[in-house]
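Have a look at the structure below before the remarks.
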Amino acid sequence: GESVGLHLPTLSVQEGDNSIINCAYSNSASDYFIWYKQESGKGPQFIIDIRSNMDKRQGQRVTVLLNKTVKHLSLQIAATQPGDSAVYFCAENRGNSGYSTLTFGKGTMLLVSP
Amino acid sequence: ETGVTQSPTHLIKTRGQQVTLRCSSQSGHNTVSWYQQALGQGPQFIFQYYREEENGRGNFPPRFSGLQFPNYSSELNVNALELDDSALYLCASSNDRGQNSPLHFGNGTRLTVT
């Protein structure tokens, strides 16, 4: 499939390491944040979300941290596996009147070596 | 539970032509959003459909239009195709206009305009 990761920031880790992917968002009024994983040739896949009234949320092997003061999100992946290799996007949900839109960051490519 | 499905997967068109892309939403979802993803970029919001009406629109010209049907499936139509319209077109479904739940994406239609 085609690459979605051309000219993206890249994080290279060894299998078993913990990975941390960072994201800065732009709108202080955004109240809902989502991390997506996109593999080559596929659409974005939901990983984990967090609302603005929380600082941290944990899922299976993943943790999202939200710092509203500096408008920063991070995604932590524990015990990274080769199957985690993909492009990761953070997205902020801007609730407009009557609808919401996702604004995506530029993406980070995660490469996991066996 | 059936996920979001899109057709066709790939399409090649000539500048000036028109194209229709199709999307079936995930079962139980009443809202469909369309995104354009250029190579190496994050997805950009085109518009959202809710209850068969356009419910919100991003910064795209009127030659991008859509429909939503009673079964919540949707079409994206692009008239007078331009070379810059070459991209991955993603459909995402959700409930309640996406304000309180994550969008679930299909694998997209890769459109190439020559």
**OP:** Quickly run through the stretch A:75-113 and pick out the residues that are crowded, with 17+ Cβ neighbours inside 10 Å, out of contact with any helix residue (DSSP H, G or I) (no Cβ under 7 Å at 6 or more places or on another chain) and of a type in the set (Ser, Thr, Tyr).
**Re:** A:80, A:85, A:88, A:101, A:103, A:108
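Inside the stretch B:29-55, can you point out the residues that are among the aliphatic types (A, V, I, L, M) and either part of a loop (DSSP other than H, G, I, E, B) or surrounded by fewer than 21 Cβ atoms within 10 Å (Cβ to Cβ) (or both)?
At the first step, the residues of the stretch B:29-55 found to be among the aliphatic types (A, V, I, L, M) are B:32, B:38-39, B:46.
Hits for the stretch B:29-55 are B:38, B:39.
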**OP:** Give just the number: which of (1) within 20 Å of residue A:101 (Cα to Cα); (2) within 12 Å of the chain's Cα centre (by Cα); (3) buried (at least 19 other Cβ atoms within 10 Å of the Cβ) does residue B:78 not satisfy?
**Re:** (1)
Original post:
Does any residue of the stretch B:7-28 turn out to be touching a residue at least 40 places away in the same chain (Cβ under 8 Å), of a type in the set (A, V, I, L, M), buried (at least 16 other Cβ atoms within 10 Å of the Cβ) and within 12 Å of another protein chain (Cβ to nearest Cβ)?
Top reply: no
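Condition check ((1) free of Cβ contacts under 8 Å to residues at least 12 places away in the same chain; (2) assigned to a strand (DSSP E or B)) across all residues:
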| position | (1), (2) |
| --- | --- |
| A:42 | no, no |
| A:48 | no, yes |
| A:57 | yes, yes |
| A:60 | yes, no |
| A:69 | yes, no |
| A:79 | no, no |
| A:89 | no, yes |
| A:110 | no, yes |
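Yes or no, residue by residue, for (1) away from chain B (no Cβ under 12 Å); (2) out of contact with any Pro (no Cβ under 9 Å at 6 or more places or on another chain); (3) within 18 Å of residue B:108 (Cβ to Cβ):
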position	(1), (2), (3)
A:38	no, no, yes
A:63	yes, yes, no
A:73	yes, yes, no
A:114	yes, no, no
**OP:** Consider residue B:90 carefully, then state whether it is in a strand (DSSP E or B), modelled with pLDDT of 95 or more, within 14 Å of chain A (Cβ to nearest Cβ) and surrounded by fewer than 22 Cβ atoms within 10 Å (Cβ to Cβ).
**Re:** no
Original post:
In the stretch A:1-36, which residues are exposed (fewer than 11 other Cβ atoms within 10 Å of the Cβ) and at pLDDT 95 or above?
Top reply: A:14
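Taking the stretch A:92-108, which residues are in a strand (DSSP E or B) and at pLDDT below 95?
Looking only at the stretch A:92-108, we keep the residues that are in a strand (DSSP E or B), and these are A:92-96, A:99-104, A:108.
Correct list: A:92, A:93, A:94, A:95, A:96, A:99, A:100, A:101, A:102, A:103, A:104.
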**OP:** Answer yes or no as to whether residue B:96 is over 14 Å from the mean Cα position of the chain (by Cα), charged (D, E, K, R) and closer than 30 Å to residue A:10 by Cβ.
**Re:** no
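Taking the residues in the stretch A:40-60 that are among the basic types (Lys, Arg) and surrounded by 15 or more Cβ atoms within 10 Å (Cβ to Cβ) as candidates, determine which candidate is nearest to the other protein chains (Cβ to nearest Cβ). So that I can check it myself, show each step before the final result.
Taking the stretch A:40-60 first, the residues among the basic types (Lys, Arg) are A:42, A:51, A:56-57.
Imposing the further condition that a residue be surrounded by 15 or more Cβ atoms within 10 Å (Cβ to Cβ) reduces the set to A:42, A:57.
Details: A:42: 5, A:57: 13 Å.
That would be A:42.
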Subject >> Among (1) of a type in the set (S, T, N, Q); (2) assigned to a strand (DSSP E or B); (3) within 11 Å of another protein chain (Cβ to nearest Cβ) - the single one residue B:101 does not satisfy >> reply: (2)
**OP:** Considering each of B:98, B:108 in turn, give the residue that is modelled with pLDDT of 95 or more, on the phi > 0 side of the Ramachandran plot and either surrounded by fewer than 19 Cβ atoms within 10 Å (Cβ to Cβ) or not charged (D, E, K, R) (or both).
**Re:** B:108
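The values are calculated or read from the model by the stated rules, or taken from the named source; none is laboratory data. The structure presented is a predicted model; accordingly, all values stated were derived computationally and were not measured. Quick reminder, even Gly has a Cβ in these numbers, built from the backbone with ideal geometry, and neighbours come from all protein chains shown.
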